[in-house]
Amino acid sequence: MSRTHFASVLLKIIVSKYTLVVAVFLVYLIFFDGHNLIRKYQMSREVNQLQQELEVFREEIKKNREEINKLKTDSLYLEKVAREKYLMKKDDEDIFLFNDKIQ
């Protein structure tokens, strides 16, 4: 088979109506369809990001539940948190706040 004959057969296959229809269909599926490959890739990345956020929130929920349990059961810890975080005091006490920044 000569080169020109091979090229003409290849050109006929490439230009045939069936090949053209399949090519147009594939281009439509890849770029223009509602469930195109680009959109699927974006959604896959979004799902991965949301799963990472979910894991972070689950860890935060676990820590908060432990904190709540500790606050409910340990009165000394409850008093410590009230004093340090909310600056609460007993009636006969004074609070002195120190600024760590030296100017």
*Selection within segment 90-103 - among the charged types (D, E, K, R) and open to solvent by less than 100 Å² (accessible area, probe 1.4 Å)*: Glu93
*Criterion violated by Leu37 - all others in (1) under 30 Å from Leu26 (Cα atoms); (2) at pLDDT 85 or above; (3) open to solvent by 80 Å² or more (accessible area, probe 1.4 Å) satisfied*: (2)
*Do any residues in segment 81-101 that are free of Cβ contacts under 8 Å to residues at least 40 places away in the same chain have Cβ atoms under 8 Å from those of residues that are of a type outside the set (A, V, I, L, M, F, W, C) and assigned to a helix (DSSP H, G or I), where the two are at least six apart or on different chains, and which pairs are they?*
Lys89/Arg83
*helices (runs of 4 or more DSSP H) fully within segment 1-94 counting 3 or more residues that are among the polar types (S, T, N, Q)*: 37-73
_Restricting to segment 1-31, count the residues that are touching a helix residue (DSSP H, G or I) at 6+ places or on another chain (Cβ under 9 Å) and more than 30 Å from Gln42 (Cα to Cα)._
3
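Checking the structure you have, find out if any residue of segment 15-23 is surrounded by 10 or more Cβ atoms within 10 Å (Cβ to Cβ) and of a type in the set (Phe, Trp, Tyr). Please lay out each step first, then the result.
If we filter segment 15-23 for residues that are surrounded by 10 or more Cβ atoms within 10 Å (Cβ to Cβ), which is where we start, we get 16, 19-23.
The next check asks that each one be of a type in the set (Phe, Trp, Tyr); those that pass are none.
So far as segment 15-23 goes, no, none of its residues is surrounded by 10 or more Cβ atoms within 10 Å (Cβ to Cβ) and of a type in the set (Phe, Trp, Tyr).
The values are calculated or read from the model by the stated rules, or taken from the named source; none is laboratory data. All figures in this text were calculated on a predicted structure; none of them were measured in a lab. Every residue, glycine among them, receives a Cβ derived from its backbone with ideal geometry; neighbour counts consider all protein chains shown. These accessible areas exclude ligands, DNA and RNA; they are computed on the full protein's heavy atoms, side chains included. Shrake-Rupley method; radii C 1.70, N 1.55, O 1.52, S 1.80 Å.
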